[in-house]
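Each remark here refers to the structure printed beneath this line.
Just so it is clear, none of the values below were taken in a lab; they were calculated from the coordinates. The structure presented is a predicted model; accordingly, all values stated were derived computationally and were not measured. Reconstructed Cβ throughout: ideal geometry from the backbone, glycine too, with neighbour counts over all protein chains shown.
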Amino acid sequence: MHIAISPASVTAKPTAVKAVYDRLRSDIIHSLLAPGEKLAIDEMAARYRIGVNPVREALNRLSSENFVEHREQRGFYVRPASLREFRELVQARCLVDCQALEQAVANANPRWEAALVAAHAALLAAERGTGLDEAGRHWESLHCDFHRALIGAAGSAWLMRLSDELMFQAGRYRFLGDVHSESQRNTPDEHRTIMEAAIGRDAALASRLLREHFSRTLMLLEARFGNANHVVVNGIVVSAD
């Protein structure tokens with residue numbers, strides 16, 4: 001006799017997996033789960049008050065997206081942070097987002113311009129927070145919205161998708177303590193000048209300013225290293241390689 005097995009009986013409910021996936025990824029990006037930290041499935045289930053199956057599926061998904069490492073016979077770990085990886089992320093973001101921004105400027109229209117101005121105004125009005133509190137999380141969400149709005153007229157779903165993926169991967173480096181110290185840069189002014197160049201239809205200037213914007217966080221982190229093979233930022237180890 002053939003017995004049909006429903007998908008729900010062998011995998012966790014998609015809504016449950018999505019919920020714990022979102023929480024895990026957010027906590028990794030915000031360094032609440034530190035680079036290199038072990039993610040024991042039962043402990044994560046208790047942390048998020050959810051079953052082990054959704055946690056396991058979420059961790060597998062995060063592993064495929066390079067937020068988490070699965071080590072044979074040892075379990076899951078938050079992907080370690082390294083200066084080399086961050087350099088590669090910045091380089092990739094410059095290639096993808098600068099190309100997308102140039103296309104967005106070429107395709108400029110009043111709807112794109114209005115959305116960009118609104119996203120910038122919302123970001124400017126928000127409290128920056130510490131990066132680990134609710135204000136910081138809200139600011140980061142608005143920051144992502146601004147960068148999405150900036151390239152919103154690019155006309156390429158693939159560029160938008162790649163931009164999002166790289167932005168989230170780079171996000172956890174922005175939360176490594178004071179690597180983006182406001183005493184060493186004026187982030188609101190950086191956002192404003194990029195927006196003004198884009199709205200002014202100066203694609204070359206907007207692209208150059210965006211590249212510099214992405215590179216400044218990397219430069220601040222590089223300055224902490226000197227010749228060291230690792231640094232510790234707010235208790236989190238970042239290796240050179």
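Annotations
- The calculated FRET efficiency for the pair residue 84 and residue 114, based on their C-beta separation and a Förster distance of 45 Å, comes to about 0.65.
- Here the label points at residue 196 and residue 241, each 7 Å from Cα along the C-beta direction, are separated by 4.5 nm in the simple model.
- For Cα extents along the principal axes in Å, computed directly from the structure shown, the correct entry in (1) 68, 51, 30; (2) 60, 43, 36; (3) 48, 42, 32 is (1).
- Helix-only arithmetic for the chain: the sum of -39500 (n - 2.57) across DSSP H runs with n ≥ 4, divided by the residue total, places the mean residue ellipticity at 222 nm at -20500 deg cm²/dmol.
- Extension reserve of the residue 137-residue 212 stretch, reckoned as 0.36 nm per residue once the Cα distance is removed: 24.6 nm
- Relative protection proxy for 142-151, 109-118, from highest mean packing down: 142-151, 109-118 (other beta-carbon atoms within 10 angstrom).
- Gain in span if fully extended, residue 18 to residue 69, counting 0.36 nm per residue against the direct Cα distance: 16.5 nm
- Selection from 123, 197, 155, by position along the positive dipole direction of the range 86-218 (Cβ): 155
- Sorting the segments 159-166, 25-32 by their mean number of nearby beta carbons within 10 angstrom, highest to lowest, gives 25-32, 159-166.
- Lys/Arg +1, Asp/Glu -1 at C-beta; the chain dipole; positive extreme among 34, 215, 106: 34
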